[in-house]
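The block underneath contains the structure these notes are about, expressed in structure tokens.
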Amino acid sequence: MSKDSYEKPSIVRHTAGMMNEFGRPSGLNRCYEIDGVPVEALVKEYGSPLVVFSESTIRERHAELQRAFGLRYPKVQIAWSYKTNYLNAICSIMHQEGSWAEVVSEHEYEMAKVLGIEGKRIVVNGPYKPDTFLLTAVRDGAVINIDSLDEVYALEKIAAAFGGQVEIGIRINMDTGMYPAWDRFGLNLENGQAYEVAKRIVSGAKLKLTGLHSHIGTFILDPKFYQQEVISLCAFASRLKDDFGITLKYFNIGGGFASRNRLKSTYLPTSYLAPTFDAYAEAVCNIVLGAFPHDKLPLLFLETGRALVDEAGYLITTVGATKRLPSGVRALVLDAGVNIMVTSFWYDLEILPVQDRGYFMEDHVIYGPLCMQIDVIRDLVKLPILNRGDNLVIKPFGAYNLTQWTQFIRMRPTILLIGQNGELDVIRDPEDVSYLKQKERLPERLSLSRKGTKEKD
Ligand SMILES: Cc1ncc(COP(=O)(O)O)c(C=O)c1O
């Protein structure tokens, strides 16, 4: 038997960015096309930064959600949460797929009506509903979920003026084991507040309690919290039936399903952590199904927001500058900042190069273009060595950025929709100074063309 030859022990330097036994580092992934459309061509045609939506992804996610719950429960209604993204094109896709609208303000309500959604297909939520808003919602037959006892009083007055009973639901907050609990919205279950208000509604006789609503939080990574939510809601429904003879028309479990975005606090990418729609449905449907007689099943509302639209949105950006920080870390300055990427405060958004810049990678800090220290998109991400003019794609971008964005320092860019057959449609034009200034008024006495202006040589 021959002896193995002696091999001198050695330490082999691991070259950052090269393939190794653990596979390809994620920083080497690129995004050079979106739904088959080359990113460089999009930038050439529409400029940078550029927000892009995939119509196919939205429709697929909607169909997936409908299928997951529809398979397990016969009466499911999705109500698209407008605050997540209320671009007309995005809402219209949701409505074409069968969604109603879920709104929390007068302007969202108006947007849904303008798109042709009847009041009776609009779910009205939120902690602040002025009398004028309630009046419109009642007149249109909208689905109103009250958030406080004050709204009961306001609605009773409106009902008296209309001369008929007004149907309402109550929003309930509860302990599902998830902390911190979202207990500032609606009426509390455990301390008896929700029950007392239900009793008050019944005894007032001007309103009819027909629904229960709860939205326990957002980006909920464990379906067991929904399970607890529906167990509690079903027990409450049964109490309402026994004590007041109430038969519920609907049961609304709110939104909150996680998208595939990555929360800053999580180590693993959310694609490993986020439950599927099937997992959420599995936790909920059987319980509701078992709690009501089969001929009196309430309509099950889902108010899903982020999980339907986040992955459908992309932000294409361009490197404006590269620099070496005093710490030695390399930094990129992009043409898009936190003013249009609010979600970068709580997500580690994925940042992918478009061009092939080789295998060598370095840690980078990614800054936006704003003159603010907090304009940081990612505080540490490995990327190849990019130069001024190179592009990056940031994702998932579709949820909450475009309703919370501002024109601080830089204006908001073009938004493009890629259709199912590759159509390219601008769904929002880029802003300009005249758009920004159109609501302002300059008092005549401040006009610089007026006499009295101090002139300097
Ligand atoms: C009442 C209500 N419903 C639905 C949603 C949508 O939530 P998500 O985007 O987490 O699905 C929200 C968001 O906070 C909400 O407040």
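Each reported figure results from applying straightforward, stated rules to the coordinates on display, with no laboratory input. As the structure is a prediction and not an experimental result, all values here were calculated from the model. Reconstructed Cβ throughout: ideal geometry from the backbone, glycine too, with neighbour counts over all protein chains shown.
Tabulated results
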read-out: Whole-number D in µm²/s for the chain (Stokes-Einstein; Kirkwood sum over Cα pairs; 20 °C, 1.002 mPa s); value: 86 µm²/s
read-out: Nearby lysines by direct alpha-carbon distance to Lys208 (threshold 26 angstrom, same-chain neighbours under 8 apart not counted); value: Lys75, Lys113, Lys120, Lys129, Lys157, Lys199, Lys241, Lys249, Lys296
read-out: Contact order normalised by residue count of the range 55-310, Cα under 8 Å, 6+ apart, percent; value: 21 percent
read-out: Translational diffusion coefficient (Stokes-Einstein; Kirkwood radius from C-alpha pairs) of the range 325-376 at 20 °C, 1.002 mPa s, in µm²/s; value: 173 µm²/s
read-out: Stokes-Einstein diffusion coefficient of the range 55-310, Kirkwood radius over Cα pairs, 10 °C, 1.306 mPa s, in µm²/s; value: 86 µm²/s
read-out: Sites matching trypsin sites (Lys or Arg not before Pro) across the range 150-196 that sit in DSSP coil, with at most 12 neighbouring C-beta atoms within 10 Å; value: Arg184
read-out: Estimated vicinal HN-Hα couplings, Hz - the range 431-440 in sequence order (Karplus 6.51, -1.76, 1.60; Gly, Pro = x); value: 7, 9, 4, 5, 5, 5, 9, 5, 9, 8
read-out: Distant-in-sequence amide H partners of Ile427 (H built 1.01 Å from N, under 5 Å); value: Ile415, Leu416, Leu417
read-out: Vicinal HN-Hα couplings computed from phi for the range 441-447 (Karplus, 6.51 cos²θ - 1.76 cosθ + 1.60; Hz; Gly/Pro x); value: 10, 9, x, 3, 5, 9, 5
read-out: Cα-based shape type of the range 87-183, given that a ≥ b ≥ c are square roots of the gyration tensor eigenvalues and the cut on a/c is 1.5; value: oblate
read-out: Positive-pole candidate from Ala79, Asn252, Leu289, dipole of the range 55-310, charges at beta carbon; value: Leu289
read-out: About the Cα centre, charge dipole magnitude for the chain (Lys/Arg +1, Asp/Glu -1 at Cβ), debye; value: 740 debye
read-out: Counted charge near Gly419, where neighbours are those whose Cβ lies closer than 10 Å (Asp, Glu -1; Lys, Arg +1); value: -4
read-out: Calculated [θ] (222 nm, deg cm²/dmol) that DSSP helices of n ≥ 4 give over the chain, each run adding -39,500 (n - 2.57); value: -8500 deg cm²/dmol
read-out: Residue among Ala101, Ile122, Val152 farthest towards the positive dipole end of the chain, charges placed on Cβ; value: Val152
read-out: Relative contact order %, the chain, counting alpha carbon pairs below 8 Å whose residues are six or more apart; value: 19 percent
read-out: Potential extension, Tyr435-Lys199 segment - 0.36 nm per residue separation minus Cα distance; value: 79.9 nm
read-out: Residue-span extension gain [Ser449 to Tyr32] - 0.36 nm each, minus C-alpha spacing; value: 145.0 nm
